[in-house]
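Below: one structure, written as structure tokens.
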Amino acid sequence: MLVQNKYSDNKDNPIFKELLSILGNGFVLSLFTINFLCFEYVLPILGSFIMLYGCHLIKDHSIHFKRTYQVATARSIVMLLNFLLDWTEYHNNIILTYMQIATSVVLILLLFFNLNRAFKDVYHCAGITPYNNRLAQYTILYLCSVISTYLTIHLGILGAMLSLFILILNIVFLMLTFYQIGNTLSKVDIDVTLSHYSFAETRKIISYLGIYGALLCLTVFFSNKAIFLPFSSSNKFNVEQSSLADTESHLLDYGISKEIAADLPSSEIEYLVKATSLTTKKSVQHANKGSLEITLYDIDCTDYHRVIVYYNWLTPPSNRLYQIIECKSINSLNAENITSKGYVTISEDNANLETPNINLGLNKSSYPYTEHKLFNEGDNLRGYLAFSYRPEKSDKNSNTVNKYVVNCYYQVSVFNLPYLDIVDYMDNYKNHTNNFVFDRLSFTYILD
């Protein structure tokens, strides 16, 4: 309960000044949404827990401080849940996004209304008048900040400048308000008993954080499509030696080695046997601490062409997660009969295993692509993307008809936050220039 006290300029009670400083610093941190190194998540969560600590210190002083602490606890839990949600593929769900925003806004409003009422009671008991309800008035500025965030999307640079201006207003308003209240209450002789965390409470918090950390790891695990799962014996395959023996000399004439031919199924070998001509282009690039060689075969079968894009990591990449091979060309816009396989060799028993084909088809730009998982173990990561096209459907007068651009998109980090599927990254590559989870290698071939 609050005890009636008198205001005096001669008093020096620093408790409320320090308390308001903690609350102010916590909330100012939670306002920052810097899109760099996940600071848009780290800073708000850190600020939320600093505010939670400040509310815990004073929670037993009055009923409104206790309610403020309860709301601050709920807000911290919601922020942690939002953090988990953004690791998953559901982070772009429009309904969940609106629920996240609505919940956050309601909790912030409740937090400041309760905090405003708590300090109003303190002012009243200390005989200080008037109390101008500035913390309640701040909610209007906070709502303006939320609205300005959406205006950024529609107003471009003007919207960004407006959001920055309102953010600065938020910070200045809060810091001045908390400083004024703290400075005023520091001159009041109020007996305040702070509620520090007991050993049992500390142990409980550590346990909760441990559980949350385990849940976060599981979320990362599953949101990355279980990238750490071991091999399955069902992935092993046998090379079709009979088909290779019959056409070995024919393939060697085209410059196709035994190793590459061994990776091609009989259906692709048949295209090579029917070929009237074959154009080959090859190049190597270095990235992700590995060397990637891509060879493009354009097989002329008279009525149609068959294109085989064969990739081979000469030196394994340091991050073996997911990769996409995409082939861009005027010809590939008419792609038919798209096929793909990926392989890896296990050095222990020299066994060849087929890597899972996650996605295969045409992307949003109507170019053929294939997505593969790169296993953590094994060597000689390789595979191919193949498709057919009919020349009569192509623009023969175009200067770019014989130009092919093969892009390799690869994931370099499991810390995919917010969650972004590599297929979405490929479809919107230009919009993700600051993304550090995925990267791209681009190979350009001009066929003679």
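A Förster radius of 30 Å combined with the Cβ-Cβ distance from Phe199 to Thr73 puts the calculated FRET efficiency at roughly 0.95.
Along its first, second and third principal axes, ordered by size, the stretch 268-321 spans 42, 18, 14 Å in Cα coordinates.
At a Förster distance of 45 Å, what's the computed FRET efficiency of Asn133 paired with Ile206, Cβ-Cβ distance as r, to 0.05? For Asn133 and Ile206, the calculated efficiency is 0.70. Taking all protein chains as shown and a probe of 1.4 angstrom, Met426 keeps an accessible surface of around 10 Å². Site pair Ile168 and Ile446 shows an inter-label distance of 5.1 nm when each label is modelled 7 Å from Cα along Cα→Cβ. Between Asn363 and Ser291, the modelled labels are 2.7 nm apart [label points 7 Å from Cα along Cα→Cβ].
What ranking, highest mean first, results for peptides 368-379, 309-320, 136-147 when packing means the other Cβ atoms within 10 Å averaged over each residue?
Ranked by mean Cβ neighbours within 10 Å, highest first: 368-379, 309-320, 136-147.
Backbone N atoms of the stretch 94-121 closer than 19 Å to the 7 Å Cα→Cβ label point of Val146 belong to residues 94-117. Over all other residues within a Cβ to Cβ distance under 12 Å of Asn116, the charged ones net out to +3, with Lys and Arg as +1 and Asp and Glu as -1.
How big is the stretch 66-147 by the Kirkwood estimate over distinct Cα pairs, in Å?
14.4
Just so you know, the averaged projected area of the alpha carbon convex hull for the stretch 295-378 sits at 6.6 nm².
Loop-located GluC sites (Glu not before Pro) across the stretch 282-366 with a Cβ neighbour count of 13 or fewer within 10 Å are Glu348, with loop assigned by DSSP.
The values are calculated or read from the model by the stated rules, or taken from the named source; none is laboratory data. Note that the structure is predicted; figures quoted are calculated from it, not measured. Here Cβ is always computed from backbone atoms with ideal geometry, including for glycine, and neighbour counts include all displayed protein chains. Heavy atoms of the whole protein, side chains included, go into the accessibility calculation; ligands, DNA and RNA do not. Shrake-Rupley method; radii C 1.70, N 1.55, O 1.52, S 1.80 Å.
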